[in-house]
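Right, one structure below, let's go through it.
The values are calculated or read from the model by the stated rules, or taken from the named source; none is laboratory data. Note that the structure is predicted; figures quoted are calculated from it, not measured. Using ideal geometry, Cβ is built from the backbone for each residue, glycine included, and neighbour counts are taken over all protein chains shown.
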Amino acid sequence: MTPPNCSLPPATTTPLSRGPIRRPSLLAEVLLDALGQSFSSHRAPISAYGQEFAKTGRLDARFHRLLIAAFEKRQQADYLPQSGLIAADVAALANDIRQFRSATVAWLDGQPPKFCPPTSDDD
């Protein structure tokens with residue numbers, strides 16, 4: 001029997017399935033949260049994603065490269081007078097983020113509930 005409050009709704013019913021993702025590192029944070037990890041800086045989840053998901057093959061390593069590139073582009077847009085970003089760059093980044101979100105939702109939907117004790121069926 002599953003303990004009360006021990007199941008997560010499918011990821012397809014969470015905010016991950018609705019609206020634009022404005023900060024791709026949010027996806028990394030959601031994935032890492034599923035592993036019980038949390039971070040206080042914006043850069044730390046990117047590094048941890050590389051260790052936990054890219055290096056281990058849990059998810060495609062190209063998403064780690066996406067996180068790094070998106071963070072750098074965000075830094076440029078926030079702090080440089082001319083970011084150098086063009087519409088084609090933004091469109092490609094948005095497409096990559098949609099693919100990362102799909103992979104995140106699929107991975108989360110295939111995971112056991114967070115912080116729940118194993119059931120006798122899991123043996």
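Working carefully through the options LEU35, LEU26, LEU67, find the one that is modelled with pLDDT under 90 and surrounded by 12 or more Cβ atoms within 10 Å (Cβ to Cβ).
LEU26
Filter the stretch 44-68 down to the residues that are in contact with an Asp or Glu (Cβ under 7 Å, 6 or more places away or on another chain) and more than 17 Å from ASP33 (Cβ to Cβ) and list them by number.
LEU66
Of the conditions (1) in contact with a Leu (Cβ under 7 Å, 6 or more places away or on another chain); (2) farther than 19 Å from LEU31 by Cβ; (3) not β-branched (Val, Ile, Thr), ALA70 satisfies every one except a single condition; which number is it?
The failed condition is (2).
Please list, ordered by first then second residue, the pairs with beta carbon atoms under 9 Å, 6 or more apart or interchain, first in the stretch 36-47 and free of Cβ contacts under 8 Å to residues at least 24 places away in the same chain and among the aromatic types (Phe, Trp, Tyr), second surrounded by 15 or more Cβ atoms within 10 Å (Cβ to Cβ) and in a loop (DSSP other than H, G, I, E, B).
Here the result reads none, with nothing in the stretch 36-47 linked to a residue that is surrounded by 15 or more Cβ atoms within 10 Å (Cβ to Cβ) and in a loop (DSSP other than H, G, I, E, B).
Taking the condition loosely packed, with under 11 Cβ neighbours inside 10 Å, out of contact with any strand residue (DSSP E or B) (no Cβ under 7 Å at 6 or more places or on another chain), of a type outside the set (S, T, N, Q) and modelled with pLDDT under 90, does GLY84 pass? If you could, list the steps in order and put the result at the bottom.
Numbers: loosely packed, with under 11 Cβ neighbours inside 10 Å: yes; out of contact with any strand residue (DSSP E or B) (no Cβ under 7 Å at 6 or more places or on another chain): yes; of a type outside the set (S, T, N, Q): yes; modelled with pLDDT under 90: yes.
Taking the combined requirement at face value, the residue satisfies it.
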